[in-house]
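The block underneath contains the structure these notes are about, expressed in structure tokens.
Throughout, read-outs are computed from the coordinates displayed, never taken from laboratory work. Quantities reported herein were computed from a predicted structural model and do not represent experimental measurements. Cβ coordinates were reconstructed from backbone atoms using ideal geometry, including for glycine residues, and neighbour counts include every protein chain displayed.
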Amino acid sequence: MHSNIELEHMLEFTEELAMKAGHLIKELREKPLEFNYKCGTELVTSADLKSDDLIRNELKAYYPDIPIYSEESHADKTDFFGPLWIVDPIDGTVNYAHGQFNVSVSIAFAYKGELKLGVVYCPFLEEKFSALRGHGAYMNGKRIYCNQMDDLSRAVIATGFPYDRSKRSALMKRVSNILNNCQDIRRLASAAIDICWVACGRLEGYYETVSIWDMAAGFVIAKEAGALISNFGPEKPELPEEFNSECMLVSNPKLHDKLFDLLKE
Ligand code: IPD
Ligand code: CA
Ligand code: CA
């Protein structure tokens with residue numbers, strides 16, 4: 001199942017779909033949006049739900065047998081070891097609602113616990129990142145690589161913070177370790193974009209505790225661009241190794257161990 005040719009077709013399909021959803025959310029921002037808060041703090045707009053509908057309907061029409069794990073509409077029981085689409089219909093919703101540009105649509109496909117392909121489309125920046133496992137990573141069709149900078153004191157590192165404010169203060173030690181040893185920190189507010197920016201060399205590293213839909217597509221793109229990915233916290237044995245999205249570190253290969261040590265402390 002899932003020969004290379006089949007996966008190449010799936011990648012083309014996924015690229016078109018992510019762009020279609022991206023164009024939709026761009027258009028929707030021209031009109032009034034509806035806002036809701038999940039668990040009191042997590043913003044979801046009417047555009048998140050419309051993007052989810054579009055992606056879900058197209059995936060179901062073309063790949064009726066493959067289950068979908070989407071931030072806005074996943075089943076309670078998901079088999080992470082079977083074939084699976086992993087979708088974040090808008091990554092960067094807070095940016096989206098504030099008229100900012102770091103917003104993406106993220107779609108990945110996994111099989112037997114391995115992330116096989118990923119697409120991250122940024123409609124306001126008109127950048128499409130994509131990768132098929134074993135075939136390199138691309139931005140708008142051009143091959144990309146992470147950078148090889150090896151001076152920690154010049155490294156720019158991105159991270160993010162949970163919506164749940166009670167969990168934020170525990171993260172300050174890591175932030176201070178990074179700030180005391182690196183050039184600076186960035187908070188782009190779209191995990192998928194953070195990971196793609198490591199992949200194309202705009203950042204030396206990125207770390208955060210995120211959900212699987214935030215990182216799945218970026219994982220393939222960063223790996224294919226030569227970045228190293230690891231988990232600096234406890235593993236979740238019930239999940240395939242590549243789905244460990246808690247305490248995720250993505251970085252260029254030269255700084256990985258140093259960053260790992262700073263975060264693990
Ligand atoms: C969020 C973004 C953000 C990260 C949060 C995510 P959303 O996703 O990726 O950068 O810090 O943890 O939840 O809510 O915009 O899809
Ligand atoms: Ca997200
Ligand atoms: Ca989202």
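Tabulated data
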{"quantity": "Additional length obtainable on full extension of the chain from D184 to D53, 0.36 nm per residue less Cα span", "calculated": "43.3 nm"}
{"quantity": "Anisotropy class of region 152-264 from Cα gyration tensor, a/c 1.5 cut", "calculated": "rounded"}
{"quantity": "Neighbour cut-off at most 16 other Cβ (10 Å), DSSP loop, chymotrypsin sites (Phe, Trp or Tyr not before Pro), region 1-73", "calculated": "none"}
{"quantity": "Shape of region 169-211, Cα gyration tensor, a/c cut at 1.5", "calculated": "oblate"}
{"quantity": "Where only alpha carbons of the chain are counted, the Rg and the Dmax (Å)", "calculated": "17.4, 51"}
{"quantity": "Separation of alpha-carbon centers, region 187-245 and region 37-113, rounded to whole Å", "calculated": "17"}
{"quantity": "Under the Karplus curve 6.51 cos²θ - 1.76 cosθ + 1.60, θ = phi - 60°, whole-Hz ³J(HN,Hα) for region 79-84, x wherever Gly or Pro sits", "calculated": "8, 6, 9, x, x, 7"}
{"quantity": "Helix-only [θ]222 nm of the chain, DSSP H runs n ≥ 4, -39500 (n - 2.57) each, per residue, nearest 500", "calculated": "-10500 deg cm²/dmol"}
{"quantity": "Sites matching GluC sites (Glu not before Pro) across region 1-101 that sit in DSSP coil, with at most 15 neighbouring C-beta atoms within 10 Å", "calculated": "E30, E34"}
{"quantity": "Gaussian network model of the chain, springs between alpha carbon atoms under 10 Å - residue of C247, C122, C39 with greatest fluctuation", "calculated": "C39"}
{"quantity": "Selected from I90, I221, I212 as most flexible by GNM, with the chain as the system and alpha-carbon contacts under 10 Å", "calculated": "I212"}
{"quantity": "Region 26-82: trypsin sites (Lys or Arg not before Pro) in DSSP loop, at most 11 other beta carbons within 10 Å", "calculated": "K77"}
